[in-house]
Amino acid sequence: MTDTSAPLVTLEGVTKRYAAITALSEVDLTIRAGEAVCLAGENGSGKSTLIKVLVGVERPSAGRILFDGVPQTRLTPTAATRAGMQVIFQDFSLFPNLSVAENIAMTAERATGARLVHRRRARERAREVLDRIGVDLDLDARVERLPVAHKQLVAICRALAADARLIIMDEPTTALTEREVARLLDLIRRLKADGVAVLFVSHKLAEVLEVCEHVVVLRNGEKVADGPAETFDAASLTRAMTGRDVAETPPEPLDPSASDLLKVENLTKDGAFRDVSLTLRAGEVLGVAGLLGSGRTSLAKALFGLATPDSGRVTLDGTDVPLGDPIAAAGAGIGYVPEDRLTEGLFLEQSIARNIAVGRLEAHASGGVLNLRDLWEEAAEWLKRLSVKAPDPQAPVRSLSGGNQQRVVLARWMARQPRVLILNGPSVGVDVGSKAEIHAIISDLAARGLGVIVISDDLPELLGTCHRILVMKAGVITDEVAGGEGITEDDLSHRLAS
């Protein structure tokens, strides 16, 4: 039986400096076997640095780390792995061209020192771990063909196959639906009952408080709060993370005289959605709620011309918008912010300024030559208006946090002055402070007469920002409800699941 009273991992006064920058300052942390500890904090708070120090990727500038009470004088990733420390990153770090069994057994097989894969042993090890957590996956399936939730299960099983004693989960629910999140939380409970400790990093406060026994909050590299999870609620945890109260206010009532802006009539794309009709008014925020596979993203892409419907009609201000033509859609005044900003929304190696200007370079050109000074100045103005924390408009956009990257994508479209803006998962992967600021931007856009469509499986987000919410299931709009205070989260969740 696992002794849960003795610390499994202890950090004492851990400090990490990068030249003149202090990323961590005298942080203490204790994790016991069978315990789930939440590591909370906004982007840039020091969470990632602490994880790197804990698993030996970075060496602390001061302080010490103990495993089972034994100081680790020269901790390396190999030593951390042998001690049972495993990290599951947001991208899962799997081998897409290998099978489920090969991915699960990879770390453990390498630890044997064997130069060739022992396929039967790998399958036996994989099946043993899957049985341990009560999950059934096809051992021969290629990982690249699995849905996100199953990829995550493979990553967890890989950690367990390597005899993990502490599993560090970095934003584990970002790409999961509400139902998949519930399954993951149940799995974490089973891992804890089996003596495995979990360090849970998440921006989603409800999940944190549901599954964790202990909460540690970092802000600007310092530990600012530490205590049992039951002593926190969403408001106090937000206050600890941001240093201020972050209030979400329902949207202002829509002007009854607001004109119809966007009309969608009987839009159908075989295998994705069918017979979708909706109306968006000027100044309205319209939500689309749906589980993964409901057709919500396919609909968003069709409205912006990234997918070509088989039939139907889209009009803006009474004028037909050509279907399947994103250039025509953008020219008509429709903008689209994708859910996956890293691969679909940004040019990561290009500067912040170029990412903002890329949609309207012609406005900064004369005789085919770019006026770079004009481009930098406009970018700097948008960074100021949207409170983007950026050291320099010429810095690469990959240097920004998730929330600031999202605001750069918003700035690109706002510079084009669209009539309709479609936001697919506007706050995916951003911290609680940035999330509230993005919601304030949405409200401001609506107040200036834009029509905004918000597609999300974050129900509090929809309820807090939208005037109306459409429920989408299996490619069909099945329900319409009032946003704001007109419906509860439980009610909306029931409509999605029923």
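For region 72-88, give me the residue count where each residue is surrounded by fewer than 14 Cβ atoms within 10 Å (Cβ to Cβ) and within 26 Å of Leu146 (Cα to Cα). Write out each step before concluding.
We begin by selecting, within region 72-88, every residue surrounded by fewer than 14 Cβ atoms within 10 Å (Cβ to Cβ); these are 73-74, 76-78, 82.
Okay, now just the ones that are also within 26 Å of Leu146 (Cα to Cα), so none.
Summing the residues that are surrounded by fewer than 14 Cβ atoms within 10 Å (Cβ to Cβ) and within 26 Å of Leu146 (Cα to Cα) in region 72-88 gives 0.
Taking the conditions exactly as written (touching a residue at least 40 places away in the same chain (Cβ under 8 Å), assigned to a helix (DSSP H, G or I) and in the same structural domain as Gln417 (by TED's automatic domain parsing)), does Thr297 satisfy them or not?
yes
Does region 227-237 contain at least one residue that is more than 30 Å from Ser311 (Cβ to Cβ), more than 26 Å from the chain's Cα centre (by Cα) and among the charged types (D, E, K, R)?
Scanning region 227-237, I find no residue that is more than 30 Å from Ser311 (Cβ to Cβ), more than 26 Å from the chain's Cα centre (by Cα) and among the charged types (D, E, K, R), so the answer is no.
Taking Ser277 as the residue in question, decide whether it is outside any loop (DSSP other than H, G, I, E, B), among the hydroxyl-bearing types (Ser, Thr, Tyr) and modelled with pLDDT of 95 or more.
Numbers: outside any loop (DSSP other than H, G, I, E, B): yes; among the hydroxyl-bearing types (Ser, Thr, Tyr): yes; modelled with pLDDT of 95 or more: yes.
So Ser277 fits the description; yes.
Checking the condition assigned by TED's automatic domain parsing to the domain that holds Cys38 and either buried (at least 19 other Cβ atoms within 10 Å of the Cβ) or more than 26 Å from the chain's Cα centre (by Cα) (or both), which residue from Val143, Val148 passes? It would help to see each step written out before you state the result.
Details: Val148 fails: either buried (at least 19 other Cβ atoms within 10 Å of the Cβ) or more than 26 Å from the chain's Cα centre (by Cα) (or both).
That would be Val143, the only listed residue that is assigned by TED's automatic domain parsing to the domain that holds Cys38 and either buried (at least 19 other Cβ atoms within 10 Å of the Cβ) or more than 26 Å from the chain's Cα centre (by Cα) (or both).
Within region 420-428, does at least one residue satisfy the condition of being surrounded by fewer than 16 Cβ atoms within 10 Å (Cβ to Cβ) and assigned by TED's automatic domain parsing to the domain that holds Ala330? It would help to see each step written out before you state the result.
Narrowing region 420-428 to residues surrounded by fewer than 16 Cβ atoms within 10 Å (Cβ to Cβ): none.
The answer is no, given that none of the residues of region 420-428 is surrounded by fewer than 16 Cβ atoms within 10 Å (Cβ to Cβ) and assigned by TED's automatic domain parsing to the domain that holds Ala330.
Among the listed residues Pro309, Pro322, which satisfies the condition of being more than 12 Å from Val409 (Cα to Cα) and either free of Cβ contacts under 8 Å to residues at least 40 places away in the same chain or in contact with a His (Cβ under 7 Å, 6 or more places away or on another chain) (or both)? Break it down stepwise before answering.
Numbers: Pro309 fails: either free of Cβ contacts under 8 Å to residues at least 40 places away in the same chain or in contact with a His (Cβ under 7 Å, 6 or more places away or on another chain) (or both).
Result: Pro322 is the single residue among Pro309, Pro322 that is more than 12 Å from Val409 (Cα to Cα) and either free of Cβ contacts under 8 Å to residues at least 40 places away in the same chain or in contact with a His (Cβ under 7 Å, 6 or more places away or on another chain) (or both).
Ala164 fails exactly one of the following numbered conditions: (1) outside any helix (DSSP H, G or I); (2) touching a helix residue (DSSP H, G or I) at 6+ places or on another chain (Cβ under 8 Å); (3) at pLDDT 90 or above. What is the number of that condition?
Only one criterion is unmet by Ala164, namely (2).
Exactly one condition in (1) modelled with pLDDT under 80; (2) surrounded by 13 or more Cβ atoms within 10 Å (Cβ to Cβ) is false for Pro338; which is it?
(1)
Looking at (1) assigned by TED's automatic domain parsing to the domain that holds Ala40; (2) buried (at least 18 other Cβ atoms within 10 Å of the Cβ); (3) over 20 Å from the mean Cα position of the chain (by Cα), which is the only condition Pro251 fails?
(1)
Do you know which residues across region 304-323 are out of contact with any Phe, Trp or Tyr (no Cβ under 9 Å at 6 or more places or on another chain) and either of a type in the set (Phe, Trp, Tyr) or surrounded by 15 or more Cβ atoms within 10 Å (Cβ to Cβ) (or both)? Outline the logic, then answer.
Going through region 304-323, the residues out of contact with any Phe, Trp or Tyr (no Cβ under 9 Å at 6 or more places or on another chain) turn out to be 307-308, 310-323.
Once the filter is applied, which keeps residues that are out of contact with any Phe, Trp or Tyr (no Cβ under 9 Å at 6 or more places or on another chain) and either of a type in the set (Phe, Trp, Tyr) or surrounded by 15 or more Cβ atoms within 10 Å (Cβ to Cβ) (or both), region 304-323 yields Ala307, Gly312, Val314, Thr315, Leu316, Asp317, Val321, Leu323.
The values are calculated or read from the model by the stated rules, or taken from the named source; none is laboratory data. This structure is a prediction, so every number in the text was calculated from the model and none was measured. Note that each Cβ is placed from the backbone with ideal geometry, even for glycine, and that neighbours are counted across all protein chains shown.
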